[in-house]
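The values are calculated or read from the model by the stated rules, or taken from the named source; none is laboratory data. These numbers were taken from a predicted model, which means no experiment stands behind them. All Cβ positions, glycine included, derive from the backbone under ideal geometry; neighbour counts span all protein chains shown.
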C-alpha cells in the first residue's frame, strides 16, 4: 500500500498493492495496522456505508460537527466518481481549500478524509457503487453541509451542473461553516 498526502494536511490518497493474473485480481482493501502506519495516526473505523448512484448524482458536501465529526476512507467498488473534500478546520493553513480527485473501481484508489472536512462526490459513470468507512457514528443533529456551487469554493465539477441529481436536503444546503 502506498499513501500520498494531498495538499490538505492529513488527507491521503491510498493506493493498494494489486495482484493480477489470468484469474483476475486480489488486494487487501483494508489492513488496520498497515493503514494506520501509512497515515501516521491511529484510526478506528466503527461504521461502513455503501451507496448506489446513477450518472449525474451529486451527494454532498456533507460533514458532522463537533464530537460527532467523522474521518472517512472512501472507495469506489464500481464506476467512477469525482470526489471532493473541503478543509473546515479553522486552525488549518488550508482552511476553506478543497481538492477534487477521480476515484474509480478500476484503479482501486481510496481517499482518506480526516475529521474536520466536508465530503461529497459526483457520479461520473452510469452505475456507481461507493463504499466508505467512518470512525464515528452518524448523528442527525450534528449534520451540516455546503452547497455544491458555493462561490468561495468555486469547485470545477466534471459534469454540467444543470443536469445534476440531488436529494431535496442537498438542494437546500446553506453554508454553515463560515467560509465567507
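Looking at this structure, is residue 54 out of contact with any helix residue (DSSP H, G or I) (no Cβ under 7 Å at 6 or more places or on another chain), surrounded by 16 or more Cβ atoms within 10 Å (Cβ to Cβ) and farther than 24 Å from residue 153 by Cβ? Considered against the rule, which asks whether it is out of contact with any helix residue (DSSP H, G or I) (no Cβ under 7 Å at 6 or more places or on another chain), surrounded by 16 or more Cβ atoms within 10 Å (Cβ to Cβ) and farther than 24 Å from residue 153 by Cβ, residue 54 comes out as no.
Which strands (runs of 3 or more DSSP E) does the range 1-67 wholly contain that include 2 or more residues that are at pLDDT below 95 and either out of contact with any strand residue (DSSP E or B) (no Cβ under 9 Å at 6 or more places or on another chain) or closer than 24 Å to residue 98 by Cα (or both)?
Working: elements: 2-5, 12-15, 19-21, 24-26, 47-54, 58-64.
By residue number, 58-64.
Comparison of 110, 70, 64, 82 shows that the only residue that is surrounded by 15 or more Cβ atoms within 10 Å (Cβ to Cβ) and within 22 Å of residue 151 (Cβ to Cβ) is 82. Pairs linking a residue in the range 153-180 that is on the phi < 0 side of the Ramachandran plot and surrounded by 15 or more Cβ atoms within 10 Å (Cβ to Cβ) to a residue that is at pLDDT below 80 and part of a loop (DSSP other than H, G, I, E, B), with Cβ atoms under 9 Å and 6 or more positions apart or on different chains, are 153/179; 166/173. Check whether at least one residue in the range 110-124 is touching a helix residue (DSSP H, G or I) at 6+ places or on another chain (Cβ under 8 Å) and at pLDDT below 95, and report yes or no. No: the range 110-124 contains no residue that is touching a helix residue (DSSP H, G or I) at 6+ places or on another chain (Cβ under 8 Å) and at pLDDT below 95. Checked against (1) at positive phi; (2) without any contact (Cβ under 8 Å) to a residue 40 or more places away in the chain, residue 79 meets all criteria but (2). Checking the range 1-22 against the condition returns no match, with no residue being farther than 27 Å from residue 94 by Cβ, surrounded by fewer than 13 Cβ atoms within 10 Å (Cβ to Cβ) and within 18 Å of the chain's Cα centre (by Cα).
Restrict the check to the range 142-149 and report whether at least one residue is within 26 Å of residue 54 (Cβ to Cβ), free of Cβ contacts under 8 Å to residues at least 12 places away in the same chain and more than 12 Å from the chain's Cα centre (by Cα). Working first, answer last.
Within the range 142-149, the subset within 26 Å of residue 54 (Cβ to Cβ) is 143-149.
Filter again for free of Cβ contacts under 8 Å to residues at least 12 places away in the same chain, leaving none.
Within the range 142-149 (the criterion being within 26 Å of residue 54 (Cβ to Cβ), free of Cβ contacts under 8 Å to residues at least 12 places away in the same chain and more than 12 Å from the chain's Cα centre (by Cα)), the answer is no, since none of the residues qualifies.
Only one of the numbered conditions (1) touching a helix residue (DSSP H, G or I) at 6+ places or on another chain (Cβ under 8 Å); (2) surrounded by 17 or more Cβ atoms within 10 Å (Cβ to Cβ); (3) under 17 Å from residue 114 (Cα atoms) is not met by residue 148, and that is (3).
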